[in-house]
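This report concerns only the one structure given below.
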Amino acid sequence: MKAWRWIVNRVDQEQQATLAHSLSISPITASVLIARGVTTTEQATRWLSPLQTIPHDPFLLPDMEKAVDRLHRAVGGGELVCFYGDYDVDGVSATSLYLTFFRGLGANVRTYIPHRAREGYGLNEGALRALRQEGVRLVVTSDCGTTAHHEVEVANRLGLDLVITDHHQIEAHLPPAQAILNPHRPDSAYPFKGLCSGGVAYKVVQAYSDKYGGGDVALDSLQDLVAMATVADVVPLQDENRWFVREGLAQISRDARCGIRALKQVAGVTRACTTGTIAFKLAPRINAAGRLAHAETAVRLLTTESELEARMLAEQLERLNRDRQRIEEDITAEALEAVGAADVPAALVLGSRRWHVGVVGIVAARLVERFHRPAVVVAVNEEGIGRGSARTVSGFNLYEALSACRGLLEGFGGHPSAAGLIIKESRLSEFRDRLVEIASIWAGDQPELPGLHVDAEVNLREVNQQLVGELNMLHPFGAGNPEPTLAVRNLAVLDSRVVGDRHLKMRVRHGNSLPLDGIGFGMGSLADLGLSAERPVDLAFVPEMNRWNGLDRVQLRIRDVKLSQPE
């Protein structure tokens, strides 16, 4: 079991008391809100009642007017418009959203998703030339294009207009496109920078509908696609994103879209959907198309209106996902062997000609989880060109680190927490040394153990059904709004045993409180953790409701357990 360093949130007692009193909530719930930067009664009211969210004005995004005007001319003139997206869930969902909305207007539209292995990420010159020859006059990107200076210049020479919709980091100079919609633009008046490309696409169709009217597709019917993109791309579940995901999850749960309904069936999803359903069930299957085959399959699934076609495509994605899992396991095993057990450097850079480019991002994430280090995993082709994915630990900005290595790279792009890159095989060793140097300087006095953020230390008597109900009002949970984690110290262990597949089952009491049950999935026994039921323990946990024999009881989902230290 991973060892954790607890980082306990400390709150302003006056702010906590004010929020608790004004909203009639527990001081613990007030502490959780403050830990998320929610410090005023007005902010807290919006968090607790996200259905009251009023979407921001889309025209606050720079170039929005230009974008919708150009789209309107294309729709009215019958021009062939291509929606060009990335091959991940964000790009696929945004592309599907555009296609659904503008097809509902009767527009002449098509899509293009580059092949991951043959073409790589983003705009490419060959695709743009082919699209122009096919008669495309306007290309609207999703999740790519912000740094595509050469490709935009090529498009301009071809007489091909480009509208870029993206959310990747902005460089000093923007390419000369017709319009560039990106919430990170420094000249943006848009109040929220956390939109993914699916969210940006929604703002485009919202703006189009506001100015020119919608067609046969209602805007709110597209929120399931935005929810898929938002959760899968791990953008913060704050501001508008909470509204998108909450509304979208409701649509996914009631099977509003036949493609997602078919995907749920092959994934064995039968209960109401949560962010976890998207992250661990639906998104991996959609991503499998772009990882091992072609992401256009996923676009077809998300836009079809045929139940038969949806079932066929969902089964195809299910097979691809199983293949992806097998390939991922093999590469992860090789990567772990390459790292070894001793003297792990401050950053990991691994590459091989045997590895599949479609799964290197997942393997990088596995290495970060295992070693608590930034990791870059590269698949090198027969020509000696490597395409890699990078993941990182909290606090280490990948985009800035790769920017400092740009002289060694053929190209890169992404976010502070995840990025992609292209590198020649001959530069891998030099790049590894440089990234390790950067990570070593950053690490400095950083603790070796990963941090477990605890929202509040509490007394077990305070953990009751009312508290669980209040904390559930903060969902959906995810990046930027994690499940509330609480901690209790000096608990007496009344009972401890292993159940199911090595799950730790405990019954604990705090002083003279009522005893509560806890479950630690995959933790094994107390003895496996070097602990004893004879000694008091500290628990970090997520409080939740558990139904057993027709009764609802509070249960502690254990995240960590430690031996209590003397005061």
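The values are calculated or read from the model by the stated rules, or taken from the named source; none is laboratory data. From a predicted model like this one, the values you see are computed outputs, not experimental measurements. Note that each Cβ is placed from the backbone with ideal geometry, even for glycine, and that neighbours are counted across all protein chains shown.
Below, the figures for the structure above:
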quantity	calculated
Criterion violated by residue 101 - all others in (1) under 27 Å from residue 361 (Cα atoms); (2) crowded, with 24+ Cβ neighbours inside 10 Å satisfied	(1)
Residue, farthest from residue 120 (Cα to Cα), within region 41-89, restricted to residues that are within 29 Å of the chain's Cα centre (by Cα), surrounded by 14 or more Cβ atoms within 10 Å (Cβ to Cβ) and of a type in the set (Gly, Ala, Ser)	44
Number of the condition not met by residue 129 [criteria: (1) of a type outside the set (Val, Ile, Thr); (2) part of a helix (DSSP H, G or I); (3) under 27 Å from residue 214 (Cα atoms)]	(3)
Subset of region 147-195 [hydroxyl-bearing (Ser, Thr, Tyr) and over 29 Å from residue 80 (Cα atoms)]	188, 190
Residue selected from region 294-345 under the condition among the aliphatic types (A, V, I, L, M) and not in a helix (DSSP H, G or I), by the criterion farthest from residue 364 (Cα to Cα)	295
Conditions (1) in contact with a Pro (Cβ under 8 Å, 6 or more places away or on another chain); (2) surrounded by fewer than 19 Cβ atoms within 10 Å (Cβ to Cβ); number of the one not met by residue 393	(2)
For residue 370: the one exception among (1) in contact with a helix residue (DSSP H, G or I) (Cβ under 9 Å, 6 or more places away or on another chain); (2) under 25 Å from residue 561 (Cα atoms); (3) outside any helix (DSSP H, G or I)	(3)
Pairs, first assigned by TED's automatic domain parsing to the domain that holds residue 503 in region 514-539, second acidic (Asp, Glu), C-beta under 8 Å, six or more apart	522/501; 533/495; 539/560
So residue 501, is it touching a Gly at 6+ places or on another chain (Cβ under 8 Å), at pLDDT below 95, surrounded by fewer than 15 Cβ atoms within 10 Å (Cβ to Cβ) and not assigned by TED's automatic domain parsing to the domain that holds residue 241	yes
Evaluation of residue 349 against (1) over 30 Å from residue 146 (Cα atoms); (2) of a type in the set (A, V, I, L, M); (3) outside the structural domain of residue 280 (by TED's automatic domain parsing) (one fails), failing number	(1)
Breaking point among (1) of a type in the set (A, V, I, L, M, F, W, C); (2) surrounded by fewer than 23 Cβ atoms within 10 Å (Cβ to Cβ); (3) without any contact (Cβ under 8 Å) to a residue 40 or more places away in the chain, for residue 177	(2)
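Residue-by-condition table, conditions (1) of a type in the set (Asp, Glu); (2) at negative phi; (3) surrounded by 12 or more Cβ atoms within 10 Å (Cβ to Cβ); (4) out of contact with any Gly (no Cβ under 8 Å at 6 or more places or on another chain):
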{"residue": "510", "(1), (2), (3), (4)": "no, yes, yes, yes"}
{"residue": "515", "(1), (2), (3), (4)": "no, yes, yes, yes"}
{"residue": "520", "(1), (2), (3), (4)": "no, yes, yes, yes"}
{"residue": "531", "(1), (2), (3), (4)": "no, yes, yes, yes"}
{"residue": "534", "(1), (2), (3), (4)": "yes, yes, no, yes"}
{"residue": "548", "(1), (2), (3), (4)": "no, yes, no, yes"}
{"residue": "558", "(1), (2), (3), (4)": "no, yes, yes, no"}
{"residue": "565", "(1), (2), (3), (4)": "no, yes, no, yes"}
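So that you can scan it fast, the table gives a plain yes or no per residue for (1) in contact with a strand residue (DSSP E or B) (Cβ under 6 Å, 6 or more places away or on another chain); (2) of a type outside the set (Lys, Arg); (3) under 25 Å from residue 455 (Cα atoms):
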site	(1), (2), (3)
511	no, yes, yes
524	no, yes, no
536	yes, yes, yes
541	yes, yes, yes
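Residues checked against (1) more than 33 Å from the chain's Cα centre (by Cα); (2) under 30 Å from residue 237 (Cα atoms); (3) not in a strand (DSSP E or B):
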{"site": "466", "(1), (2), (3)": "no, yes, yes"}
{"site": "475", "(1), (2), (3)": "no, yes, yes"}
{"site": "490", "(1), (2), (3)": "yes, no, no"}
{"site": "497", "(1), (2), (3)": "yes, no, no"}
{"site": "533", "(1), (2), (3)": "yes, no, yes"}
{"site": "539", "(1), (2), (3)": "no, yes, no"}
{"site": "554", "(1), (2), (3)": "no, yes, no"}
{"site": "566", "(1), (2), (3)": "yes, no, yes"}
